[in-house]
């Protein structure tokens, strides 16, 4: 659409275009980046001799790019197919013994760490552990042997949580490791070679000649009644030419049709047959609860665990849009119902909609559509039950287009959806903040949870937080504060003239204000649909770019010269315009404070990633003072954050 005010490639306003198509020459000729080439019971639980087990434990550790010439942009490259772009983790089943350290290294480590049980040394993945790493593993093993099912490891970047997870998974020989971000998935596959199982959309369909991906391939678009046969797929019955693929969670054999295997099913079979499997949360929740090809395992290791509640809330959310209902069942929700229905009326409406979906004859529908219809029926049944059992726990958010049903809490659902799939559940995160709140919100009794907290290993001098306050950036005060912020931003960018940096805006509105008022040719930004592409460009470019973003508070790893400074433009309070957030805050103000503090601390950690790294963080929102004065917020913000705060080079806390 040529008349649109947005660039069709990067999604930005044309005057703020960063991909080069509509780049605005505010200052000088654009800089063009050169393209670069580029069994579920414990099997090995030996009791250790160490007995330093407490209910909750804390550990302490000892403690010039060229300036830019014009606006930056990246060149658009030709589209790439899935098969060109995708890197599948492993082609084979993971074998623990094949990934052991050399025997001479194991022998050396046993001599250096005589107090550490041998099984931990033998399963550790690296030639030299970080300080305290082995002791933490001992502590977790002790907790498991004492009967704890739920263990929290709260440890910041630099502790080596992934190596700890790897060691435990290897010891117990039966584990799932779940992550939220692709970046952490890549770390696990690169460092430990664990098989990563992915969804169908990541693989080209062999039957359709690589022209489509497996999620819309022949086996998913053929009607169930057609008895479609794919020579690359699977079958419950053995064939003359197909081998056993795997056993599902119920013990049923599943076979390949032939010796030529679908790439999706091959990697899934490898993941099922591997003792250690890496998944993202969405795939795991779907597979473990509904598909049931994967069975229960000894360990369920939940990395980035501070996001579990949000993930479960989004999983349980159900949206009914009139446009989709009209297509599926030729019915819509009336305007009267959308405007004024109470929960009791909604239960009857859901029951009626479910009935219409149940009347659909699915046998002649494409398989993927039939699967969606059946899934919708199951979700509507569950929603009706949940509304009947816990009407006060659900937010109903309706407009003229449809309605959303969102849970306020998931404490009654976390065990069934997630935790039951491991004999022991280990939570990993840098920002648990309060293990008692965290446990209760996930339906756990804090007395049944073993908590380990590890202090930041990074020197406070290398990670200062400077307060350069422009005023409050809250909705009612931002108009007065925002103009003052521009001068502060200019001074900070001048101070870091030859260095890369990151400005955290927390909202697109603040992002656009900065882009429209801070005339600096180092700035780049992203829209809602090109975040990963712009982040990759920012990481790889050697010029001192400054990325302005509302959504880089976590899942981003920018060590060393990739980010030497960052600016927290606005304190990341959850958006009260969201009905679900608003009602949860009214019911529990501790939750609102917790979410704010968690996001703030996560944001702080983006640029400081190693002991020999350094990154300055600036906060210019005066609301930080309220957080530091409030007893509730002060109790949640960790000491390693508070000790780093300075004003005019003086520590204030």
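The values are calculated or read from the model by the stated rules, or taken from the named source; none is laboratory data. These numbers come from a predicted model, not from an experiment. A quick note on method: Cβ atoms are made from the backbone with ideal geometry, for glycine too, and the neighbour counts reach across all protein chains shown.
Among the residues of region 326-363, those that are within 22 Å of residue 224 (Cα to Cα), more than 34 Å from the chain's Cα centre (by Cα) and surrounded by fewer than 11 Cβ atoms within 10 Å (Cβ to Cβ) comprise 359, 361, 363. Scanning region 157-195 for residues that are in contact with a strand residue (DSSP E or B) (Cβ under 9 Å, 6 or more places away or on another chain) and more than 18 Å from residue 125 (Cα to Cα) returns 178, 179, 180, 181, 182. Here the condition is being more than 18 Å from residue 260 (Cβ to Cβ) and out of contact with any helix residue (DSSP H, G or I) (no Cβ under 7 Å at 6 or more places or on another chain); of 227, 220, it holds for 227 alone. Before we move on, is residue 524 at pLDDT 95 or above, surrounded by fewer than 18 Cβ atoms within 10 Å (Cβ to Cβ) and touching a strand residue (DSSP E or B) at 6+ places or on another chain (Cβ under 9 Å)? Spelling it out, it is not the case that residue 524 is at pLDDT 95 or above, surrounded by fewer than 18 Cβ atoms within 10 Å (Cβ to Cβ) and touching a strand residue (DSSP E or B) at 6+ places or on another chain (Cβ under 9 Å). Take the conditions (1) crowded, with 17+ Cβ neighbours inside 10 Å; (2) more than 24 Å from residue 632 (Cβ to Cβ); (3) in contact with a helix residue (DSSP H, G or I) (Cβ under 9 Å, 6 or more places away or on another chain); residue 422 misses just one of them, which is (3). Screening region 540-640 for strands (runs of 3 or more DSSP E) wholly inside it with 1 or more residues that are surrounded by 19 or more Cβ atoms within 10 Å (Cβ to Cβ) and either out of contact with any strand residue (DSSP E or B) (no Cβ under 6 Å at 6 or more places or on another chain) or at pLDDT below 95 (or both) returns the ranges 546-549, 616-621.
Say whether the condition of being in a strand (DSSP E or B), in contact with a strand residue (DSSP E or B) (Cβ under 6 Å, 6 or more places away or on another chain) and either in the same structural domain as residue 614 (by TED's automatic domain parsing) or surrounded by 21 or more Cβ atoms within 10 Å (Cβ to Cβ) (or both) is met by at least one residue in region 473-496. Checking region 473-496: not a single residue is in a strand (DSSP E or B), in contact with a strand residue (DSSP E or B) (Cβ under 6 Å, 6 or more places away or on another chain) and either in the same structural domain as residue 614 (by TED's automatic domain parsing) or surrounded by 21 or more Cβ atoms within 10 Å (Cβ to Cβ) (or both). Residue check: residue 470 meets all listed conditions (1) in contact with a helix residue (DSSP H, G or I) (Cβ under 6 Å, 6 or more places away or on another chain); (2) surrounded by 23 or more Cβ atoms within 10 Å (Cβ to Cβ) but one, namely (2). With respect to (1) more than 30 Å from residue 407 (Cα to Cα); (2) within 30 Å of the chain's Cα centre (by Cα); (3) modelled with pLDDT of 95 or more, the lone exception for residue 484 is condition (2). Selection over region 444-458 of residues that are buried (at least 16 other Cβ atoms within 10 Å of the Cβ), part of a loop (DSSP other than H, G, I, E, B) and modelled with pLDDT of 95 or more gives a count of 1.
Yes/no matrix, rows are residues, columns are (1) assigned to a loop (DSSP other than H, G, I, E, B); (2) over 14 Å from residue 301 (Cα atoms):
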{"site": "169", "(1), (2)": "no, no"}
{"site": "176", "(1), (2)": "no, no"}
{"site": "185", "(1), (2)": "no, no"}
{"site": "189", "(1), (2)": "no, yes"}
{"site": "194", "(1), (2)": "yes, no"}
{"site": "198", "(1), (2)": "yes, yes"}
{"site": "207", "(1), (2)": "yes, yes"}
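For region 646-653, the count of residues that are touching a helix residue (DSSP H, G or I) at 6+ places or on another chain (Cβ under 7 Å) and modelled with pLDDT under 95 is at least one. Only one of 159, 181 is buried (at least 24 other Cβ atoms within 10 Å of the Cβ) and assigned by TED's automatic domain parsing to the domain that holds residue 136; which? Of the residues listed, the single one that is buried (at least 24 other Cβ atoms within 10 Å of the Cβ) and assigned by TED's automatic domain parsing to the domain that holds residue 136 is 159.
Out of 579, 625, 586, 629, which single residue is more than 26 Å from the chain's Cα centre (by Cα), under 19 Å from residue 393 (Cα atoms) and assigned by TED's automatic domain parsing to the domain that holds residue 469?
From the options 579, 625, 586, 629, the qualifying one is 586.
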